[in-house]
1. Among what's in the range 141-191 and is open to solvent by 20 Å² or more (accessible area, probe 1.4 Å) and polar (S, T, N, Q), pick the residue that is farthest from Gly112 (Cα to Cα).
2. Restricting to the range 221-234, count the residues that are in a helix (DSSP H, G or I) and open to solvent by 60 Å² or more (accessible area, probe 1.4 Å).
3. Any chance you could count how many residues in the range 253-266 are hydrophobic (A, V, I, L, M, F, W, C) and surrounded by 20 or more Cβ atoms within 10 Å (Cβ to Cβ)?
4. If I ask for residues that are open to solvent by 10 Å² or more (accessible area, probe 1.4 Å) and assigned to a helix (DSSP H, G or I), which ones from the range 21-35 would you list?
5. Sort out which residues of the range 1-38 are of a type in the set (Gly, Ala, Ser) and within 17 Å of Ala272 (Cβ to Cβ), and write them in order of number.
6. Which residue out of Gly165, Gly139 is closer than 24 Å to Leu107 by Cα and either assigned to a loop (DSSP other than H, G, I, E, B) or at pLDDT below 95 (or both)?
7. With Arg250, Arg205 as the choices, which residue is under 17 Å from Asp40 (Cβ atoms), buried (at least 18 other Cβ atoms within 10 Å of the Cβ) and among the charged types (D, E, K, R)?
8. State which residue pairs qualify: first residue closer than 12 Å to Leu64 by Cβ and open to solvent by 10 Å² or more (accessible area, probe 1.4 Å) and inside the range 36-47, second residue outside any loop (DSSP other than H, G, I, E, B) and basic (Lys, Arg) in any location, beta carbons under 9 Å apart, and separation of 6 or more residues or different chains.
Amino acid sequence: MDRSVSPDVTFGVKTTPMRVSYPEILRVWEEADELPELADAWLWDHLMPLVGPKDGDVLEGWTLLSALAARTRRLRLGLLVTANPLRHPALLGKMATTVDVLSGGRLVMGLGVGGTHQPAGAGGIAGENPAVAEYAGYGLSLVPPGEGIARLAETIEVLRGMWGGEAFDYAGRWTTLTGNHNRPGPVQRPGPPILIGGWGTRLLRLVAERADIWNVPGPPHHTVAAVAERARVLDAHCAAIGRDPATITRSVQCIVSYQDPAGDRAVLAELAAAGFDHLVLSLRAPYPPGAAEWLVEEIVRPLRGG
């Protein structure tokens with residue numbers, strides 16, 4: 001018998017835009033938009049495939065998100081997660097504001113450090129750090145992890161300043177703005193919720209300081225035990241700065257199997273028991289007909305005891 005999860009646990013769907021067409025992604029999102037059991041929908045933010053041949057199709061994340069925002073009406077939406085080095089912070093702030101306006105206030109601002117110097121096999125992806133080829137192909141530079149985290153913190157300051165509604169000046173280590181005007185402002189006030197994705201100890205300190213939501217890749221990239229241990233690190237950071245850890249939504253993404261939904265339900269129940277209250281179900285392409293309905297029938301409703 002399946003273990004059920006708390007009614008407070010929410011579910012999302014993720015369609016990774018790698019070697020899959022826009023009509024296929026749109027089909028899943030429009031179907032999910034009609035299913036109240038799915039609270040949100042997500043893309044990623046890469047410019048080349050992370051696995052397999054590098055010449056595969058990949059659609060740019062924020063452009064695609066804008067198109068999907070215009071074709072849906074209910075789902076909250078975002079990127080898991082925006083790669084911070086790909087865009088100037090103020091440009092990103094304008095883009096995010098635009099998507100929040102187009103969607104009627106449904107954006108979740110997912111952010112991550114992006115490409116940094118990492119050893120082979122980091123992040124549960126076998127082989128050389130895939131950011132090496134991706135960033136070389138697009139003329140970008142990898143940075144040390146510490147610098148990546150500091151740049152992300154600066155971006156969050158810029159975003160929140162731009163979303164404040166007033167003319168905005170900013171002087172940071174990497175970003176200088178003079179007389180920034182961001183009109184119209186976002187629908188959500190004081191701005192879209194900030195989600196930070198990652199698992200490193202220093203990154204989790206930034207989550208404790210700045211995030212509304214924390215997201216981490218779960219199985220197959222990281223085990224339930226591994227992400228539960230990272231959650232305890234986040235708890236320690238919250239204690240150190242005097243923040244109630246319950247004020248941070250804990251989100252985990254898992255790649256689901258069309259062949260073994262019972263196995264996925266067991267893993268997801270473990271994650272919920274470990275304190276994760278937002279479960280993102282990542283679909284493998286190609287997406288079968290009725291993929292979103294399949295998620296609800298085979299995973300969400302059984303976990304809810306339905």
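The values are calculated or read from the model by the stated rules, or taken from the named source; none is laboratory data. As the structure is a prediction and not an experimental result, all values here were calculated from the model. Glycine also receives a Cβ, built like all others from the backbone with ideal geometry; neighbour counts cover every protein chain displayed. Quick note on the areas: whole protein, heavy atoms, side chains included, nothing else; ligands and nucleic acids left out. Shrake-Rupley method; radii C 1.70, N 1.55, O 1.52, S 1.80 Å.
1. In this case the residue turns out to be Thr178.
2. So the answer is 3.
3. 2
4. The answer is Tyr22, Pro23, Glu24, Leu26, Arg27, Glu30, Glu31.
5. Ser4, Ser6, Gly12
6. Gly165
7. The conditions single out Arg250.
8. Trp44/Lys14
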